[in-house]
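Below you'll find the structure, written out as structure tokens, and then a few comments.
All of the numbers you see were taken from the coordinates with simple rules; none came from a lab. Remember, predicted model here, so these are calculated numbers, not experimental data. Here the Cβ positions follow ideal geometry from the backbone for every residue, glycine too, while neighbour counts run over all protein chains shown.
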Amino acid sequence: MPNNKNWQSVAYGNNYFVAVGSGFTTKMGYPYGSRVVGFTPDPHDWANSIMDVGLPWTEVVCGNHGFVAITSNSNASSTSTHGASWVTTYNMPANQNWTGLTYGGNKYVAVAANSKIAAYSTDGITWTATSLPAASQWTSVAYGNGTFISVAYNGANAAVSSDGITWHSETMPATQPWTAITYGGNRFVAVASNTQVTAVRV
């Protein structure tokens, strides 16, 4: 990687891999703002780029309008064609710890920790707020087969939507600190921290 940073997320699209993250030091003990971005067409040879704003970037995805990154403790999002240059706007619906981001159904969808707030955008620039079924520590969101699903760290909460706008609650098969969810092979798969438990939804 081009720098020794607290890399948080990596995505692929437009023939490029793009990674975002934050600064991190043992002395400080928490992530802080960073402008560093890694981008490359070849994951063996990363180039260095910078955001136009230094923030603790948490997630990046690629959709029809290119790459979009979100951040914690801010209402910022940033867009880029292939990771070399970025434009940050402050149109997220609230200053939140935005933790999960996905693309599907022609929209970007983001969720936040310790909140009921979610947001969606068709271009990664202009965002609209929507509500998750409960205030929870939402950590990840994924899209597949016409469905969005978000999981939470603090229990058995899941949120499901067919459009990324209207959400309803579902219950995970176990109470676990769910950290990530993805879609592939006609199923959703979620994993949790400090456990051997996984969850599958078909």
Open item on the list: Quick check for me: using +1 on Lys/Arg Cβ and -1 on Asp/Glu Cβ, what's the dipole size of the chain about its Cα centre, in debye to the nearest 20?
Closed with: 300 debye
- [ ] List Thr198, Thr88, Thr139 from most exposed to least, where exposure is judged by having the fewest other Cβ atoms within 10 Å.
- [x] Thr198, Thr88, Thr139
- [ ] Sticking with the crude label model, points 7 Å out along Cα→Cβ, report the distance from Asp123 to Val197 in nm, one decimal please.
- [x] 4.3 nm
- [ ] Among Ile149, Ile70, Ile125, rank each residue by its count of other Cβ atoms within 10 Å, from fewest to most, as a rough exposure measure.
- [x] Ile125, Ile149, Ile70
Task: Computed lengthening from Ala84 to Arg187, 0.36 nm per intervening residue step minus Cα-Cα distance - done: 33.7 nm
Task: Relative contact order of the stretch 1-90, pairs being alpha-carbon contacts under 8 Å that are 6 or more residues apart, as % - done: 26 percent
- [ ] Over every pair of different alpha-carbon atoms in the stretch 1-90, take the mean of 1/r and invert it; report that Kirkwood radius in Å.
- [x] 12.7 Å
Task: Contact order normalised by residue count of the stretch 124-173, Cα under 8 Å, 6+ apart, percent - done: 31 percent
TODO: Highest first, please rank the peptides 172-179, 76-83 by the mean number of other Cβ atoms sitting within 10 Å of their residues.
DONE: 76-83, 172-179
TODO: Within the stretch 89-158, list the chymotrypsin sites (Phe, Trp or Tyr not before Pro) lying in a DSSP loop whose Cβ has at most 11 other Cβ atoms in a 10 Å radius.
DONE: Tyr90
TODO: With label points built 7 Å along Cα→Cβ from the Cα atoms of Asn48 and Ala134, find their separation and express it in nm.
DONE: 4.6 nm
TODO: Kindly state, to the nearest 0.05, the FRET efficiency for Arg35 paired with Tyr12, given R0 = 25 Å and r defined as their beta-carbon distance.
DONE: 0.70
Task: the stretch 165-202-the stretch 121-160 distance, computed between alpha-carbon centres (Å) - done: 12 Å
Open item on the list: Along the charge dipole of the stretch 9-139, pointing to its positive end and built from +1/-1 on Cβ of Lys, Arg, Asp and Glu, which listed residue (Ala69, Trp86, Val37) has its Cα farthest out?
Closed with: Ala69
